[in-house]
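Enquirer: Pasting a structure here, questions to come.
What follows is calculated from the coordinates using simple rules that are stated; it is not laboratory data. Nothing here was measured: the structure is a model prediction, and the numbers come from that model. Every residue, glycine as well, gets a Cβ built from its backbone with ideal geometry; the counts of neighbours run over all protein chains shown.
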């Protein structure tokens, strides 16, 4: 063993240290280095410093990734992956509209809801005069139905089918706030769309319209647009 | 020729398993979900090496986006000669080293910006301890900056090797594949880079008197 240790000088030992700590030396080289450092204190300290350095660098804390990086990268990729200029342009527009789409859809839906309620309220008084059994509410005492937060989230997050154009539906909301029926009044109808609508609307929960403080049935018009990205 | 062996690691360069091959096929078919998965899987690690190489989180984020675009543009030419990760890092380092050369040509300092942490606008250091004391935070930050400064003093080639080996844990063969150099070059450059880094980080190294 002594004979082996003399084969390796300090310079040669230094050359072996870096690959040695990565286990990238031969068995013979490893044995020579071990023998040398067992007899050479400066080289032993050098070897320790290599090991300490590797541990120090390996233990470096990972940097926090910018929050939007993943989304930005996906958007950049989605633009790049569009096959032609027209589609790339469309993707850019989609990406700009994307953050606005869900709030816009809900805003339009609520506006339409208001119009429906207002329209219903305006025509209702004649019915009130015609019969004591009120089918429609008085405007002054009427509170329109409202979507609940979980419902808005469900509308916004549920995987939707590929829609070529905006899909508008008229829903019948019961006095319990549940959708009991719907009809498509705009957009393309298909079995897939119907199935998706049923899934989405099944759990939709509205705060029901009220007349004189009592829940009453109402109608709500909802519009959906496809958000690409 | 000396025989080089890895004593305690199995190095896998070149083999694509069935699952990865299927994933590559989905990427080559331009499948949306595959690209989402690609970004989810590699976004963080690519950002980390880009940040370590470039020293600025904004530059690193730009580089990451360009790297993924290049992955998309070249994926049809990927033949599975290396693992997908190795191939992606090859593209990443090509892009990053090109950026470093571009900056160097324009007389921009090759040293990194360390203002991020001081200004508070840069990436924060994530500490593993659940409730680090202020002193621990300070020491960690000081150590972090010293390491980043030491890395910045190295040439781009040497810095790449230290990051790939000591931070990302790639094998010598994988590093050689990523950087397009021989395994012997990796070994000699790494030894040189570590020797240089030791000089910069002496006060952080634990060395017992023998």
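Enquirer: Using 1/(1 + (r/R0)^6) with R0 = 41 angstrom and r between the beta carbons of residue A:31 and residue A:163, what's the FRET efficiency to the nearest 0.05? The partial results should precede the final answer.
Expert: Working: r = 71 Å, r/R0 = 1.73.
With R0 = 41 Å, the Cβ-Cβ based efficiency is 0.05.
Enquirer: When a/c reaches 1.5 or more, the comparison of a/b and b/c decides; with that in mind, is the stretch A:2-58 rounded, prolate or oblate per its Cα gyration tensor?
Expert: oblate
Enquirer: At R0 = 30 Å, how high is the FRET efficiency between residue A:199 and residue A:119 if r is their beta carbon distance? Nearest 0.05 is fine.
Expert: Given R0 = 30 Å and the Cβ-Cβ separation, E is 0.55.
Enquirer: Could you tell me how far the Cα centroid of the stretch B:13-56 sits from the Cα centroid of the stretch B:146-210, in Å?
Expert: 24 Å
Enquirer: Mind giving me the FRET efficiency for residue A:64 and residue B:182? R0 is 30 Å, r the Cβ-Cβ distance, nearest 0.05 is fine.
Expert: The computed FRET efficiency comes out at 0.25.
Enquirer: What does the C-alpha gyration tensor say about the overall shape of the stretch B:129-183? Classify as rounded when a/c is under 1.5, otherwise prolate if a/b is larger than b/c, or oblate.
Expert: Judged from the Cα gyration tensor, the stretch B:129-183 comes out oblate (a/c at least 1.5, b/c at or above a/b).
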